[in-house]
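Everything on this sheet refers to the single structure shown next.
The values are calculated or read from the model by the stated rules, or taken from the named source; none is laboratory data. Predicted, not measured: the structure shown is a model, and the values here were computed from it. Methodologically, a virtual Cβ is constructed for each residue, glycine included, from the backbone with ideal geometry; neighbour enumeration extends over all protein chains shown.
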Amino acid sequence: MTNDELLKEAFEARTHAYTPYSHFQVGAALLTEGGKVYHGCNIENAAFGPSICAERTAFFKAVYDGERKFEKIAIVGGSEGTDASRTCAPCGVCRQVMREFCDPETFTIILADGKDKWKEFTLKELLPLGFGPEDLMRGNIPE
């Protein structure tokens, strides 16, 4: 699947966002190594703490279905009623969830920069000294 195709999926996912408080809607499309796409949107809650980001929604749906290997994710976001023409990077919690399941050297994060433009990063670029499962198992802190 091309980055443009995955971004189209993320734009569609964004239409399902539940954002009565911030009115900032985010959509994500997560591609597994097997070629399946999982969608996510942000879902807010009046208590704020129970809210969840689009990226984690997509990851948790995929993990529930037994997926553990992922290739890339496309993320789009912007204020309600706009075309999501600004770059919307994942929060730190979402980056850590990605680190749990993804190789930081190869997992790709595609961020929309308008309807027809995008920027591409590796997870390592967005989480340079990430702490992953292998570090906990060895009791080591990444250097």
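Every residue in region 107-125 that is assigned to a loop (DSSP other than H, G, I, E, B), in contact with a helix residue (DSSP H, G or I) (Cβ under 9 Å, 6 or more places away or on another chain) and surrounded by 13 or more Cβ atoms within 10 Å (Cβ to Cβ), please. Break it down into steps so the answer makes sense when it comes.
Step one: filter region 107-125 for residues assigned to a loop (DSSP other than H, G, I, E, B), giving 107, 113-117.
Filter once more, so that each one left must be in contact with a helix residue (DSSP H, G or I) (Cβ under 9 Å, 6 or more places away or on another chain): 107, 115-116.
Hits for region 107-125 are F107, K115.
Out of curiosity, is C88 touching a residue at least 40 places away in the same chain (Cβ under 8 Å), in contact with a Cys (Cβ under 7 Å, 6 or more places away or on another chain) and buried (at least 18 other Cβ atoms within 10 Å of the Cβ)?
On the way: touching a residue at least 40 places away in the same chain (Cβ under 8 Å): yes; in contact with a Cys (Cβ under 7 Å, 6 or more places away or on another chain): no; buried (at least 18 other Cβ atoms within 10 Å of the Cβ): yes.
Spelling it out, it is not the case that C88 is touching a residue at least 40 places away in the same chain (Cβ under 8 Å), in contact with a Cys (Cβ under 7 Å, 6 or more places away or on another chain) and buried (at least 18 other Cβ atoms within 10 Å of the Cβ).
Only one of these is of a type in the set (A, V, I, L, M, F, W, C) and farther than 23 Å from T15 by Cα: L126, L30. Name it.
Details: L30 fails: farther than 23 Å from T15 by Cα.
Just a single option satisfies the conditions, and that option is L126.
Taking V76, is it touching a residue at least 60 places away in the same chain (Cβ under 8 Å), under 23 Å from A112 (Cβ atoms) and either of a type outside the set (D, E, K, R) or touching a Cys at 6+ places or on another chain (Cβ under 8 Å) (or both)? Reasoning before the result, please.
Details: touching a residue at least 60 places away in the same chain (Cβ under 8 Å): yes; under 23 Å from A112 (Cβ atoms): yes; either of a type outside the set (D, E, K, R) or touching a Cys at 6+ places or on another chain (Cβ under 8 Å) (or both): yes.
Against the criterion (touching a residue at least 60 places away in the same chain (Cβ under 8 Å), under 23 Å from A112 (Cβ atoms) and either of a type outside the set (D, E, K, R) or touching a Cys at 6+ places or on another chain (Cβ under 8 Å) (or both)), V76 qualifies.
Suppose the filter is in contact with a Lys or Arg (Cβ under 6 Å, 6 or more places away or on another chain) and modelled with pLDDT of 95 or more; does E71 pass it? Quick ask: steps written out before the conclusion?
Working: in contact with a Lys or Arg (Cβ under 6 Å, 6 or more places away or on another chain): no; modelled with pLDDT of 95 or more: yes.
Here the answer is no, as E71 does not meet what is asked.
How about region 126-143: which of its residues are surrounded by 12 or more Cβ atoms within 10 Å (Cβ to Cβ), at pLDDT 85 or above and farther than 18 Å from L6 by Cβ?
Let us first name the residues in region 126-143 that are surrounded by 12 or more Cβ atoms within 10 Å (Cβ to Cβ), namely 126-127, 130-132, 135.
Adding the requirement that they be at pLDDT 85 or above leaves 126-127, 130-132.
Selection gives L127, G130, F131, G132.
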